[in-house]
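The values are calculated or read from the model by the stated rules, or taken from the named source; none is laboratory data. None of the values given here were measured: they were computed from a predicted structure. Using ideal geometry, Cβ is built from the backbone for each residue, glycine included, and neighbour counts are taken over all protein chains shown. Please note that ligands, DNA and RNA were not included when accessible areas were found on the heavy atoms of the full protein model with its side chains. Shrake-Rupley method; radii C 1.70, N 1.55, O 1.52, S 1.80 Å.
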Amino acid sequence: MTTLKQNKLLQALLLAVLAGGLAACGGDDGNNGSNGSNGTDGANGTNGTDGTNGTDGTNGTDGQNGSPAFIKFVGVDAPSTDAEKREISVSQAVVNGQIYGGEYNTLARSGDDIGGVQFGQLVDESGTVLQEEDLSVRISDSNEFTSLLPIGEKLFSVSQFEDRPGAMFLMELDQNAETGALSVSSLSQIDQSGIHGGWVHCAGSVTPWTTHLGSEEYEPNAKDLPTSTEAAADSYTAGMLDYYTTTEWNPYFYGWPVEITVTEDGTATPEKHYAMARLAFELEYVMPDSKTVYMTDDGTNVGLYMFVADTAGDLSAGTTYVAKWNQTSSAGLGSADLTWIDLGHATNADIEEYVTNGTTFTDIFDEETMAGDGTCPTAGFTPINTATGAECLKVKDGMEMAASRLETRRYAAMMGGSTEFRKEEGITYDSKRHKLYLAISEVARGMEDFAKNGSASNSYDLGGHNDVTLDNYNGCGGVYQLDLGPDADMGSNYVAMNMYGLVAGRGITGSGYEPDSEAEAQVAGFEANNDCHIDGIANPDNVTYMSGYDYLIIGEDTGSGHQNDVIWAYNFEDESLTRIQTTPYGSETTSPYWYPNINGWAYMMSVVQHPYGESDSDQDTGAGEARAYTGYIGPIPAVNVQ
């Protein structure tokens, strides 16, 4: 049970608001005879024609307007004591005068045994549980995006793990009808052997047709890791080789969107969407048209991508685009108009054939050494600078489609796309303002002008387009907003037209996170281990829009920016930030995700990844504190969203 921290004074203030006859012929008339019996009834006549309609009545009076949904977060303080830094603290919320929440609700922790399945266990392609050297079960503490999927009369959750090999689990959940509380009734491991296994499942989203849309981050560099020999020698990749029992290593197996379709009988079917792109996926986010998908690319010198499906609700075929940053301001987080470059059309079947027939990097490209000035010596070669560095490449004849999907980032740069973003993370849609919000964890390196954190460097711009040339770096990162509009040629009403800052992190003087000319002093008592202002964002990771309640939720993934990672609620009206969750030492707030109405209740899913793992490992007592948490904030009253 986590400790609840309450701001009782603010709570008190918030509660204060809230028929015929026959005749004989001839002689004298005789006496009247007795009455005869009645004859039988004649047949009914036919119906007459309908009369004309009467005139319309007058309209009734208008009903009263309903009350708008209103929420106010009480907030929690930044942890300052050792005990507080070991807790998960969650803010209470006041909804239309009533108090909800105030605690973190755990569904499962890594290593929990539920029906004979350990949450977080890693398996090989035969389904055998992998073991550590001491023969214990290999358990991952890198739990990540966890969806809520109402299917028929049941509620399921898919939870994915950011590891090598990757893992996914299906939970069937019970929902208390009176309180909305959730609990796990069963747990099973999702078999990914039919898609060559999973890889570094990072963030995700839920599609409008209620499937889990997961990701594979940090795709293997196929140039450097073509065979299992190179993979075994690479410390980041080597663990993946434990997955194989019959399959051989292929770098092009990984770096794809992964969609999980769940049926009411509890069957979970994974599918990789080769038609979309191969990237260091943070996540893919499907817009309300069920066709337009934004794809974010994590790392250094990466791009922003969009996929427009041929058919709504079907991601197996469509056209991929990369954004071009046309800078309009270099100040602060910068701003730009965006144009979109067509990278071509493909289907899953088209690209899967390249993947399974053993296509290699050298089958797709010719390469030569770049000159010192960033040019390519031979005509026909194109200089680029991406996450894999500065290169001179030429696409081999007939391999354009393969290049566009197996090597999406490289090909996008060759086609003129901007590949200079640093740590591009979560993205979400604001239905009220028709905007996107995009987190950039660090505004630096390729986003500077031939510099790294203010010092001259050609590592990130030499050979590239140098489209993004900001005045200063910001190591605390920022959240951008993107206005959307229609584009008939692209077949979408959800095309991002521009990109500009919404919320910026605030570096501390002397920290190196911002130039001292832009930085500010830290709040007294928080000077140590907090290189970003304690009351501002530090390295924003995933974001989610609270539709109905109209807040932007910003989660952090920071090391020394904040000692304890935070989830923030951003108020659009007054542009304020309220701290609504803090996490233990060394953990990351992964994939907060808003569900506005599941059977009358709303939830904020929240995962606490690798406590004591990213920093402060010396604070781990070894008593199980380092096991990760998958759970939620809430429930609170549901809101109906148009």
Using the per-residue mean of other Cβ atoms lying within 10 Å as a proxy for protection, in what order, highest first, do the peptides 201-209, 478-486, 183-191 fall? 201-209, 478-486, 183-191
Estimated [θ] at 222 nm from DSSP helical runs (n ≥ 4, -39500 (n - 2.57)) normalised by residues in the chain, nearest 500: -1500 deg cm²/dmol
Tell me, what is the FRET efficiency for Ser576 and Asn640 to the nearest 0.05, using R0 = 30 angstrom and their Cβ-Cβ distance as r? 0.70
Taking amide H positions as placed 1.01 Å from N in the peptide plane, with prolines and chain starts having none, which residues 5 or more places from Glu625, or on another chain, fall under 5 Å of its amide H? none
Starting from the Cα of Lys432, draw a straight line to each of the lysines and keep only those under 28 Å, dropping any in the same chain fewer than 8 residues away. Lys72, Lys291, Lys324, Lys423
Stretchable slack from Thr269 to Asp224, in nm (0.36 nm times residue separation minus alpha-carbon distance): 13.0 nm
Cα Rg, Dmax, the range 182-335, angstrom units: 17.4, 54
Derived scalar couplings ³J(HN,Hα) [the range 369-376; Karplus, 6.51 cos²θ - 1.76 cosθ + 1.60; whole Hz; x for Gly, Pro]: 6, 6, 6, x, 8, x, 9, 9
Nonlocal amide H pairs with Ala602, under 5 Å, H built at 1.01 Å: Ile636, Ala638
Hey, what's the chain come to in accessible area per residue, 1.4 Å probe, Å²? 42
Over all alpha-carbon pairs of the chain, lay out the pair-distance distribution in 20 Å bins, whole %, shortest bin first. 18, 50, 21, 4, 3, 3, 1, 0
By its C-alpha gyration tensor, with a ≥ b ≥ c as the square roots of the eigenvalues, how is the range 491-627 shaped: rounded for a/c under 1.5, else prolate for a/b larger than b/c, else oblate? oblate
Using a cut-off of 13 Å between beta-carbons, work out the net charge of the residues near Phe572 (Lys and Arg +1, Asp and Glu -1, Phe572 not included). -2
Identify all lysines with a Cα-Cα distance to Lys154 below 23 Å; exclude those on the same chain that are fewer than 8 residues away in sequence. none
Could you give each residue of the range 443-454 its phi-based ³J(HN,Hα) in whole Hz, using Karplus coefficients 6.51, -1.76, 1.60 with θ = phi - 60°, and x for Gly or Pro? 9, 6, 6, x, 7, 8, 10, 6, 8, 9, 6, x
Residues of type aspartates and glutamates that Lys394 reaches as a straight line, Cα spacing below 13 Å, ignoring anything fewer than 8 places off in the same chain: Asp363, Asp366, Glu367, Glu368, Glu407
Apply the Karplus curve 6.51 cos²θ - 1.76 cosθ + 1.60, θ = phi - 60°, to the phi angles in the range 196-207 and return the couplings in whole Hz, x for Gly and Pro. 6, x, x, 9, 6, 6, 8, 7, x, 7, 10, 6
Sorted by chain and then number, the residues having a modelled amide H within less than 5 Å of the amide H of Gly477, at least 5 places away or on another chain, are Val443, Gly505, Asn539
Of the accessible area of the chain, computed with a 1.4 Å probe and all protein chains kept, carbon and sulfur make up a percent value of 44
So how far apart, in nm, are the two label points at Asn326 and Thr245 if each is 7 Å from Cα heading toward Cβ? 5.5
If you take every residue apart from Asn493 with its C-beta less than 11 Å away from the C-beta of Asn493, what net charge results, scoring Lys and Arg +1 and Asp and Glu -1? -1
Sequence ranges 223-229, 441-447, ranked by mean other-Cβ count within 10 angstrom, highest first: 441-447, 223-229
For a protection proxy built on the mean count of beta-carbon atoms within 10 angstrom, sort 113-124, 231-242, 589-600 highest first, please. 589-600, 113-124, 231-242
Whole-number D in µm²/s for the range 432-480 (Stokes-Einstein; Kirkwood sum over Cα pairs; 20 °C, 1.002 mPa s): 185
Roughly how many whole Å is it from the C-alpha centroid of the range 405-468 to that of the range 245-304? 20
